Each structure stands twice: as structure tokens, then as C-alpha cells.
Amino acid sequence: MTTNINTMDVNQKMTHFAERNEIWLFGYGSLIYKVDFPILDQQPAEIRGWKRRFWQGSHDHRGTPDAPGRVVTLLAEPDEVCVGMAYLIAPAVLDHLDFREKNGYLRTLVPMCLVNGVETSGLVYIATAENEAFLGEAPLEEMATQIAYSVGPSGRNRDYLFQLADGLRQLGADDSHVFVLESAVRQVLKSGDD
Ligand code: SIN
């Protein structure tokens, strides 16, 4: 069942970090390559028990309500490790992030492991299957075509994927879901040119 909740309202009511003056935020999608907020530190990091998937619809960034794009969310998967970038931020930055991630993402507390070996708890924005914009899995070809041609206020959906794939290569992350999709989108675009 999907619910049309206002994730900004829900996120703004979360008080987990009320006592802290610094928070580690784990980025696994656009937050890896687009850092439009002030940071105090950053470190490659990983979280255990989560997999990254292009299963979330994007109505406000990489698509439109009539023609949503596809962006990443995380799904619980016990044996998986998700590699991303962790940012140390001041709590004041959360307002900006709640707005940026408003299309279905909820603040979630997770244990994370920084590249320097430090284990800490931090925050990650996750869009669960219950949110209205969630699309779920689709055949590879279908997801690739949707990503190849969707466009929204933040730009082309394919650029979201290509920039994420580049960011993951820089991090040395082995994420076959992202890399297979990247090849499939390039193939769709190449066939479109023929
Ligand atoms: C993230 O990058 O951590 C969340 C999903 C996104 O904004 O692409």
C-alpha cells in the first residue's frame, strides 16, 4: 500500500539528532556527486545490510509527475554492503536536505563505517516501498529506456545515472546494478541514434 505523506513534515518532526551539533550524513545517490550544502568533513563510507536500486520515481528532479524518472533508494538486504560518501554536517543543513529529498525520502538512522575505520551512527534518506513515488523493479530494458529519455527540473535522468556511476568508480565501489544499468542506457541511446 502506498501513502501520500508529506515527508518534509515527517522529517522535520524527527528529533534523533536534536542533542548533537554535528551529524554524519550518508549519501548514496545524487548526494555522492552533488554537494550543494556546507560540510565540515567528508569521508568515503559504507553501510551494511542495504542495497542501492533505481526503484524510486522522480517527479521533481529527473522527471515530471506525468513522466517520472528513476532515481536510487535503498532496500534492506542482509548480506549487501552499500558504498557511498559520508558528510559531517551541522543540524541546520537538514532543512535544505529535507526539501531536496522531499519526493518520498525519510530520514533514517543507520550505523555506518567510515573509511578511516571509525564506526558511527548517522543519517540516510531512504524512500521506502510505501511512498507514493516508489516504482519498484522493472525489466532492465524498460528501466534503461525510462532513464535514457526522462528529464526534469534538475536535468536529464541519464546524467544522474552517469554521474553516480562515475562517482562510484572514483570510490572503487563494485555496484553491478548501477553499472549494468549504465551500459543498458548507453545501448538504448546508441540504438536511438541508428
Ligand atoms: C542520496 O543521494 O543519498 C539520496 C538519494 C538521492 O538524492 O539521489
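The values are calculated or read from the model by the stated rules, or taken from the named source; none is laboratory data. Quick caveat, the model's predicted, so the values are computed rather than measured. Please note: Cβ atoms are built from the backbone with ideal geometry, for glycine as well, and neighbour counts cover all protein chains shown. Side chains are part of the model used for accessible areas, which takes the heavy atoms of the whole protein and leaves out ligands, DNA and RNA. Shrake-Rupley method; radii C 1.70, N 1.55, O 1.52, S 1.80 Å.
Between the Cα long axis of helix 176-193 and the first principal axis of the chain there is an angle of about 30°, rounded to the nearest 10.
Computed on protein heavy atoms with a 1.4 Å probe, the accessible areas place Glu130, Glu182 in the order Glu130, Glu182, largest first.
Scaling the Cα radius of gyration of the range 8-189 by the globular reference 2.2 N^0.38 Å produces a ratio of 0.98. The H on the amide N of Leu106, modeled in the peptide plane, is under 5 Å from the matching H of Ile126, Ala127, Thr128, each at least 5 residues off or on a different chain. Which residues in the range 65-86 have a backbone N closer than 20 Å to a point placed 7 Å from the Cα of Phe134 along the Cα-to-Cβ line? It comes to 65, 68-82, nothing else. Expressed as a whole percent, the accessible surface of the chain that belongs to carbon and sulfur atoms is 51, based on a 1.4 Å probe. Using the 1.4 Å probe convention, the accessible area of the range 84-194 works out to 47 Å² per residue with neighbouring protein chains retained. Mean sequence separation of contacting Cα pairs (under 8 Å, at least six apart), scaled by the length of the range 1-76, corresponds to a relative contact order of 22 percent. When shorter helices are ignored and each DSSP H run of at least 4 residues is given -39500 (n - 2.57), the per-residue value for the chain at 222 nm works out to -9000 deg cm²/dmol. Relative contact order for the range 8-189: what percent, with Cα pairs under 8 Å and sequence separation of 6 or more? Relative contact order of the range 8-189: 28 percent.
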